[in-house]
Amino acid sequence: MTKEPDMAETPNISEECFRPVDPAALFPATRSTHKPRILILYGSLRERSFSRFAAEEAGRLLEAFGAEVRIFDPRDLPQTDTTGPDHPKVAELRDLVTWCEGMVWSSPERHGSMTSIMKAQIDWIPLSLGSVRPTQGKTLAVMQVCGGSQSFNTVNQLRILGRWMRLLTIPNQSSVAKAWDEFDEAGRMKPSPYYDRIVDVMEELVKFTLLTRDIKEHLVDRYSERVESHADLSARVNQSKAASE
């Protein structure tokens, strides 16, 4: 039996907005049966783009794990603040973000950071579209390719952005060193521990997506936001009462 909380011990808590964690809510009565929907973004426009090659390998693996995959082509995506959300490429990206249940971000590391192509895509994704938060509670896997020795600068930055976008970033990640030597002339990745790691990451992404997609709203339901919503509602009710008196 769940013990009722003693609210006297937490006087700063709003009782109207406080909800004890219910384990049963973590196990939905019905589960979605469609394939996990995964969107992949990559961060280079070069003809021989290793971040795109890695993204395409990830897509093949995700499909092998039973996911439905779409890869966004960032060509012709404008820089942020140069046009509005009705631009065709911006609208396409936002529609895909709304469609997906999880994402993969694959970027080169350039000057110790992600590329502007990668950042522009993320910057075009809003935290909210009306009353909908298009990324909140969805899963994310992060990957990078390196021109030289292995680095983790970019995946670390992508993790920060994922947290900022309220995404559930999975624990595993991929960083491919000397990417120019890891792909053949056709752009296919050669057998290696780097390839095996991408398999691991995609397997984990599908597992986490299946585990969380039906309860994502519950997972990211926040006390502080319930307090704010309650305060807004009370203010509107009080204004209505004052106007009718």
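Observations
- Length gained when the stretch Asp123-Arg166 is fully extended (0.36 nm per residue, less Cα-Cα span): 14.1 nm
- Flagged links, alpha-carbon separation over 26 Å, of Lys35/Lys138; Lys35/Lys216; Lys89/Lys119; Lys89/Lys138; Lys138/Lys190: Lys138/Lys190
- Segment 83-115 and segment 141-186 have Cα centres separated by 15 Å.
- When both bridge partners sit in segment 72-164, DSSP labels roughly 20% of those beta bridges antiparallel.
- Quotient of Cα Rg and 2.2 N^0.38 Å for the chain, N being how many residues it contains: 1.20
- Coil-residue trypsin sites (Lys or Arg not before Pro) of segment 113-215, DSSP, other Cβ within 10 Å capped at 14: Lys178, Arg188
- Springs between Cα atoms under 10 Å define the GNM used for the chain, and in it the highest mean-square fluctuation of Val97, Val142, Val220 occurs at Val220.
- FRET efficiency for Glu228 and Lys178, using Cβ-Cβ distance with R0 set to 45 Å, rounded to 0.05: 0.40
- The residues of the chain have, on average, 56 Å² of accessible surface per residue, using a 1.4 Å probe with all protein chains present.
- Phi-based couplings in Hz for segment 25-39 (Karplus 6.51, -1.76, 1.60; Gly and Pro marked x): 5, 7, 10, x, 5, 10, 10, 5, 10, 6, 5, x, 9, 10, 9
- For the chain, the fraction of 1.4 Å probe accessible surface lying on carbon and sulfur atoms is 52 percent.
- Solution diffusion estimate, µm²/s, Stokes-Einstein, segment 154-206, Kirkwood Rh from C-alpha pairs, 20 °C, viscosity 1.002 mPa s: 172 µm²/s
- Amide H partners (placed H, <5 Å) of Gly187, local residues excluded: none
- The calculated FRET efficiency for Val220 paired with Glu185, based on their beta-carbon distance and R0 = 35 Å, is about 0.20.
- Other-chain or far-sequence residues with amide H under 5 Å of Met103's (modelled H): Leu39, Thr139, Leu140, Ala141
- Bridging of Lys178 to aspartates and glutamates at a Cα separation below 15 Å is possible for Glu109, once same-chain residues fewer than 8 apart are set aside.
- ³J(HN,Hα), Karplus 6.51/-1.76/1.60, whole Hz, each residue of segment 89-103, x for Gly, Pro: 6, 5, 4, 4, 4, 5, 5, 5, 5, 5, 5, 6, 10, x, 9
- Trypsin sites (Lys or Arg not before Pro) within segment 1-69, DSSP loop, no more than 16 other Cβ atoms inside 10 Å: Lys3, Arg31, Arg46, Arg48
- Whole-Å semi-axes of segment 1-141's equivalent ellipsoid (Cα gyration tensor): 37, 20, 15
- Using the Cβ-Cβ distance between Val132 and Ser32 with R0 = 22 Å, the FRET efficiency computed as 1/(1 + (r/R0)^6) comes to roughly 0.80.
The values are calculated or read from the model by the stated rules, or taken from the named source; none is laboratory data. Keep in mind that this is a model prediction, so the values were computed, not measured. Reconstructed Cβ throughout: ideal geometry from the backbone, glycine too, with neighbour counts over all protein chains shown. Quick note on the areas: whole protein, heavy atoms, side chains included, nothing else; ligands and nucleic acids left out. Shrake-Rupley method; radii C 1.70, N 1.55, O 1.52, S 1.80 Å.
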